[in-house]
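What follows is calculated from the coordinates using simple rules that are stated; it is not laboratory data. Note that the structure is a prediction, hence the values are computed from the model and not measured. Heads up, the Cβs are rebuilt from the backbone with ideal geometry, glycines too, and the neighbour counts pull from every protein chain shown.
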Amino acid sequence: MPMKLIVIPVTPFQQNCSILWCEETMKGAVIDPGGEVDRILQEVEARHIEIERILVTHGHADHCGAVADLQERLGVPVEGPHEDDRFWIEQLPDQAARFGLEHCRSFEPDRWLAEGDQVTVGNITLQVIHCPGHTPGHVVFFAAAEKVAVVGDVLFAGSIGRTDFPRGNHEDLIASIRNKLFPLGDEVAFLPGHGPASSFGREREGNPFVGDAAVQ
């Protein structure tokens with residue numbers, strides 16, 4: 001497969017920032033740069049990747065706190081999340097202070113994303129799936145040909161995203177997972193925003209919050 005992906009845990013929350021790239025073209029994207037820009041760029045440079053864009057799943061500071069700094073360093077467009085997370089991005093400095101993170105700046109994406117949009121990274125096409133619940137504007141990036149999804153804080157190995165933040169919604173989150181993610185296929189592997197990777201099939205079978213047995 002031409003797609004490669006590495007994970008760089010950043011911030012005290014150990015958020016799974018990832019670098020995704022096309023091995024055929026060596027063009028790539030940084031997904032959810034929550035912090036530690038120098039570490040991210042070291043990984044990019046060590047692999048000789050040409051970053052084309054910065055992708056954002058949602059507006060929480062541990063996922064996008066370093067977007068403004070990274071964009072300034074790279075001069076590339078920012079795409080995502082859905083515009084319903086604008087209010088989160090506008091208050092990034094306050095978020096960082098509230099959760100004890102390094103100071104970060106708000107930003108304006110070059111492109112807000114919506115259900116059905118596509119993003120290209122080299123020769124790789126990522127489908128955009130709007131998955132509200134954890135935040136109202138959360139999006140997931142799905143590489144259909146490679147059967148890989150980057151899901152942010154929607155779904156985790158053995159758990160699901162929190163919905164007790166402003167404009168979070170538990171029912172929306174369950175619907176996003178059951179109606180939008182699981183139908184993509186049991187064999188699809190996913191990278192969550194924190195913790196280890198899993199697959200939709202494994203979570204359907206055993207996730208105590210959203211698995212088949214839990215929702216019957």
* To do: Grab the DSSP H runs of the chain that are 4 residues or longer, score each as -39,500 (n - 2.57), total them, divide by all residues and round the 222 nm result to the nearest 500 deg cm²/dmol.
  => -5500 deg cm²/dmol
* Mind checking the dipole of region 3-206: about its Cα centre, +1 per Lys or Arg Cβ, -1 per Asp or Glu Cβ, Debye to the nearest 20? -> 300
* In terms of the Cα gyration tensor, with a ≥ b ≥ c the square roots of its eigenvalues, is region 13-90 rounded because a/c is under 1.5, prolate because a/b exceeds b/c, or oblate? -> prolate
* Structure fact -> Here, GluC sites (Glu not before Pro) of region 5-62 satisfying both criteria (DSSP loop; at most 12 other Cβ within 10 Å) are E24
* Structure fact -> Taking a label point 7 Å from the Cα of Q118 along Cα-to-Cβ, the residues of region 135-158 whose backbone nitrogen sits under 14 Å from it are 142-146
* Near K147, which aspartates and glutamates are there with a Cα under 14 Å away, not counting those fewer than 8 places off in the same chain? -> D186, E187
* To do: Calculate, for T25 and E102, the FRET efficiency according to 1/(1 + (r/R0)^6) with r their C-beta to C-beta distance and R0 25 Å; round to the nearest 0.05.
  => 0.15
* For region 8-31, list residues with backbone N below 14 Å from a point placed 7 Å from the Cα of E50 toward its Cβ? -> 22-29
